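First up is the structure itself, then whatever we jot down about it.
The values are calculated or read from the model by the stated rules, or taken from the named source; none is laboratory data. Source: prediction; values computed, not measured. Using ideal geometry, Cβ is built from the backbone for each residue, glycine included, and neighbour counts are taken over all protein chains shown. We work out accessible area using only protein heavy atoms, side chains counted, and drop any ligands, DNA or RNA first. Shrake-Rupley method; radii C 1.70, N 1.55, O 1.52, S 1.80 Å.
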Amino acid sequence: MTSQVPIIAIDGPSTSGKGTVAKLVAEKLGFHYLDSGSIYRTIAYAGRMQNIPLDNEALLLKVLENADLSFKNDQILLNGKDVSEAIRSEESGRGASEVAVHKALREAILGFQRSFEKPPGLVAEGRDMTSVVFPHAGIKIFLTASAQIRAERRYKQLISKGNSANMASVLSEIILRDKRDLQREISPLLKTKDAIEIDTDTLSISDAVDNITHLFSLKSQTS
Ligand code: DC
């Protein structure tokens, strides 16, 4: 089945550049944009705020039930409060990866994620956009880069924001997160057979964006 609404689904490991690329592609095409990782980050953040252990799925489901989560322009609102900055921390990223292993929790947010499938189109990014959430997407991309390059990028980001950072620990955090996201039983990060791999080790963000929009225009001409 292919969707009536054009969907570009982009999956990849943390810090591969998929967030920036997906957002720019969505802007260029005038499409909606879904950053699915921010949902897991917000659940982890909300859980931590309520002192809930992130391995307790039943309690996290309660947190989710009582949470009013919405996206407004570039902001992520949790019960009306802008949490966009707070959920970008290393701690929220790690927490997101921990809560993301829970099956029922993943299923509980499927409908919310799919509600972004609206005309004129959607660019959705995460770990299971191509495999589970939008398997019918017309264009599937696996955006990746080596752990070393991703760690260097993350290190620079942290330093430029005035945070203290240590390259070795940034790299080991990335390797740990990859391991958890790739090896979990439920909806692990994987490259689907029909996904096109784009490696951003040597490719600039704008070239990756151009490649994807070019693929989209080729696909639109043939369908
Ligand atoms: O893309 P990100 O770094 O913001 O994602 C944070 C974590 O959320 C990631 O380590 C794994 C989880 N995640 C997921 O399991 N499935 C998604 N579709 C998106 C993110």
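Brief remarks follow.
- Strands (runs of 3 or more DSSP E) completely within the range 1-116 that count 3 or more residues being away from the ligand (no atom under 11 Å from the Cβ) and not β-branched (Val, Ile, Thr): 69-72, 75-78
- So residue 219, is it charged (D, E, K, R), open to solvent by 70 Å² or more (accessible area, probe 1.4 Å) and over 20 Å from the mean Cα position of the chain (by Cα): yes
- Here 156, 179 are screened, and the one residue that is more than 16 Å from the ligand (Cβ to nearest atom), open to solvent by 40 Å² or more (accessible area, probe 1.4 Å), under 23 Å from residue 97 (Cα atoms) and without any contact (Cβ under 8 Å) to a residue 24 or more places away in the chain is 156.
- Within the range 182-196, tally of residues that are in contact with a Leu (Cβ under 9 Å, 6 or more places away or on another chain), within 14 Å of the ligand (Cβ to nearest atom) and not in a helix (DSSP H, G or I): 3
- Any hit, the range 31-50, residues being of a type in the set (Val, Ile, Thr), within 25 Å of residue 140 (Cβ to Cβ) and open to solvent by 30 Å² or more (accessible area, probe 1.4 Å): no
- Residue 99 open to solvent by less than 40 Å² (accessible area, probe 1.4 Å), without any contact (Cβ under 8 Å) to a residue 40 or more places away in the chain and touching a Gly at 6+ places or on another chain (Cβ under 8 Å): no
- Neighbours by Cβ (under 6 Å, 6+ apart or cross-chain): first from the range 28-39, over 13 Å from residue 115 (Cα atoms); second in a strand (DSSP E or B) and open to solvent by less than 50 Å² (accessible area, probe 1.4 Å): 31/122; 31/123; 37/126; 38/76
- First in the range 112-134 and in contact (Cβ under 8 Å) with a residue 60 or more places away in the chain and open to solvent by 10 Å² or more (accessible area, probe 1.4 Å), second anywhere and more than 12 Å from the ligand (Cβ to nearest atom) and not aliphatic (A, V, I, L, M), Cβ under 7 Å, 6 or more apart: 116/32; 117/3; 118/32; 120/30; 120/31; 131/192
- Residues satisfying the stated conditions in the range 159-175, i.e. open to solvent by less than 80 Å² (accessible area, probe 1.4 Å) and either at positive phi or of a type outside the set (Val, Ile, Thr) (or both): 162, 163, 165, 167, 168, 169, 171, 172, 173
- For the range 182-196, a residue qualifies if it is under 28 Å from residue 27 (Cα atoms), within 16 Å of the chain's Cα centre (by Cα) and open to solvent by 80 Å² or more (accessible area, probe 1.4 Å), and exactly one does: 191.
- Residues (buried (at least 17 other Cβ atoms within 10 Å of the Cβ) and in a helix (DSSP H, G or I)) located in the range 197-210: 208, 209
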